[in-house]
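Undergrad: I have a structure I would like to understand better, so I am pasting it below and will then ask my questions one at a time.
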Amino acid sequence: MTDSHFTEQLIKGKIAEIIFAQMVRSTGAYAVLEFGYEKTLPELAHLHPKGKGTAETIEIIKRAPDFTIINHKTKEVHLVEVKFMSTLSNSAVLRTARTIQQSWKSAALFLVTPTGFYFDTTANIIASKGAIKAFKHKRIPAKTQAKYIEVLSKFIH
C-alpha cells in the first residue's frame with residue numbers, strides 16, 4: 001500500500017467516524033465518546049514492545065473500538081467500531097468483525113458506504129457469515145440518514 005493510498009483510506013475512515021458521531025449526537029439521546037487507542041493513548045501507536053505479554057496487551061488496546069456510546073436514559077453502554085467501505089463485501093465485513101471480536105467480544109460494527117449505513121454486533125455478523133443489517137434507528141430515520149450520505153458524497157467519490 002502506497003503512502004498516498006494509506007492517507008486516502010485514513011481520511012475516508014475519519015470522515016466515516018465524524019459522520020457516525022454527528023448522526024448519533026443529533027438524536028440527543030446518547031453521549032458519544034471517542035474510545036479508540038489512537039485517540040485515548042496515541043503514544044501506544046509508536047511503541048515497539050519487547051515482551052510477548054506487552055505485545056499482546058498493546059494489540060488488544062490497538063483493536064479498541066472507535067466509540068463508546070452511552071444511552072442517557074437507560075445508561076446502557078455500547079462499544080462501536082466504525083469503518084468506511086466503498087463497496088459492501090461479506091468477506092471483508094466478516095474479517096473485520098472477527099478481528100474486533102478477538103479482543104472486544106461485545107462490540108458492534110457500524111459501516112459507512114456511499115449507498116447507506118449498516119450496523120450489527122460482531123457476534124451476529126460472524127454468525128451470519130459476514131452479512132450485516134442495514135442501519136435502522138427510530139431517532140435517525142431514512143430521510144436523516146440520506147442527508148448524511150449526501151454529506152459523505154461531497155468528500156468521497
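The values are calculated or read from the model by the stated rules, or taken from the named source; none is laboratory data. What you see is a predicted model; the values in this text were computed from it and never measured. Glycine gets a Cβ as well: all are built from the backbone with ideal geometry, and neighbour counts include every protein chain shown. Quick note on the areas: whole protein, heavy atoms, side chains included, nothing else; ligands and nucleic acids left out. Shrake-Rupley method; radii C 1.70, N 1.55, O 1.52, S 1.80 Å.
Undergrad: Report, by chain and number, residues whose modeled amide H sits under 5 Å from the one on Phe135, excluding near sequence neighbours (fewer than 5 apart, same chain).
TA: Hits under the 5 Å cutoff: Phe117, Tyr118, Phe119.
Undergrad: Among (i) 49, 31, 24; (ii) 51, 41, 31; (iii) 48, 34, 29, find the value of Cα extents along the principal axes in Å that was calculated from the structure presented, and write down its label.
TA: Given (i) 49, 31, 24; (ii) 51, 41, 31; (iii) 48, 34, 29, the structure-derived one carries the label (ii).
Undergrad: Next question. Kindly express, to the nearest 10 degrees and within the range 0 to 90, the angle between helix 142-155's C-alpha long axis and the longest C-alpha principal axis of the chain.
TA: The helix 142-155 is inclined about 60 degrees to the chain.
Undergrad: Please get the size of the charge dipole for the chain, origin at its Cα centre, with Cβ charges of +1 on Lys and Arg and -1 on Asp and Glu, quoted in debye to the nearest 20. Present the calculation step by step, with values, prior to reporting the outcome.
TA: Details: 22 positive and 13 negative charges, 117 e Å.
The calculated dipole for the chain is roughly 560 debye.
Undergrad: For the chain, what does the helix formula give at 222 nm: sum of -39500 (n - 2.57) over DSSP H segments with n ≥ 4, over the residue count, nearest 500 deg cm²/dmol? Show your work: numbers first, answer last.
TA: Numbers: 6 runs with 72 residues, N = 157.
That calculation yields -14000 deg cm²/dmol at 222 nm.
Undergrad: Between 0 and 90 degrees, rounded to the nearest ten: what's the tilt of helix 90-103 against the longest Cα principal axis of the chain?
TA: It is inclined by approximately 50 degrees.
Undergrad: Accessible area per residue for the chain in Å², computed with a 1.4 Å probe and the full protein assembly in place, what is it? Don't skip to the end; give the middle numbers.
TA: Numbers: 9540 Å² over 157 residues.
Dividing the accessible area of the chain by its residue count gives 61 Å².
Undergrad: Applying the Karplus parametrisation 6.51 cos²θ - 1.76 cosθ + 1.60 with θ = phi - 60° to the phi angles of the stretch 70-81, what ³J(HN,Hα) value in whole Hz is obtained for each residue in order, glycine and proline being reported as x?
TA: For the stretch 70-81, the Karplus curve yields 10, 6, 4, 7, 8, 6, 5, 10, 10, 9, 10, 9 Hz.
Undergrad: Report, to the nearest 10°, how far helix 52-62 tilts away from the longest principal axis of the Cα atoms in the chain, using its own Cα long axis and a range of 0 to 90°.
TA: Computed tilt is about 20 degrees.
Undergrad: Turning to a different aspect of this structure: ³J(HN,Hα) across the stretch 121-135 via Karplus (A = 6.51, B = -1.76, C = 1.60, θ = phi - 60°), whole Hz, x for Gly/Pro?
TA: Values, residue by residue: 6, 5, 4, 5, 5, 5, 4, 9, 6, x, 6, 10, 7, 4, 5 Hz.
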